[in-house]
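Novice: Below you'll find the structure I mean.
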């Protein structure tokens, strides 16, 4: 069960991860492959370069606590990040499954959170 008492920044990160997932699905990748995000450092480097890795990691821990992501902890990072099925269902309902709209949103926030 997802507890959505999360910050605006955490919700923005959740939306970003879902947008990446949708983009990968749009490219023809499978569900499992599309739902592998690497570590919080990978996310910071690829999508949020204006944020500190520690801040992205903290947001990942917040999302995990809320039931939105699975991860393994190590080296003070969130590793092997993936969205939970509950988070995917929530995102489909909250953000719609509109790839074009999500791609435009991701381009608009590239490098920073919150939006």
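The values are calculated or read from the model by the stated rules, or taken from the named source; none is laboratory data. Note that the structure is a prediction, hence the values are computed from the model and not measured. Because the Cβ atoms are built from the backbone with ideal geometry, glycine has one as well, and the counts that use them run over all protein chains shown.
Novice: Here are some conditions: (1) closer than 14 Å to residue 63 by Cβ; (2) in contact (Cβ under 8 Å) with a residue 60 or more places away in the chain. Residue 22 meets all but one. Which one does it not meet?
Specialist: Failing condition for residue 22: (1).
Novice: What pairs can you find where one residue is in the range 62-84 and within 18 Å of residue 52 (Cβ to Cβ), the other is surrounded by fewer than 16 Cβ atoms within 10 Å (Cβ to Cβ) and at pLDDT below 95, and their Cβ atoms are less than 8 Å apart, with a gap of 6+ or different chains?
Specialist: Partner pairs satisfying both residue conditions: 62/7; 79/73.
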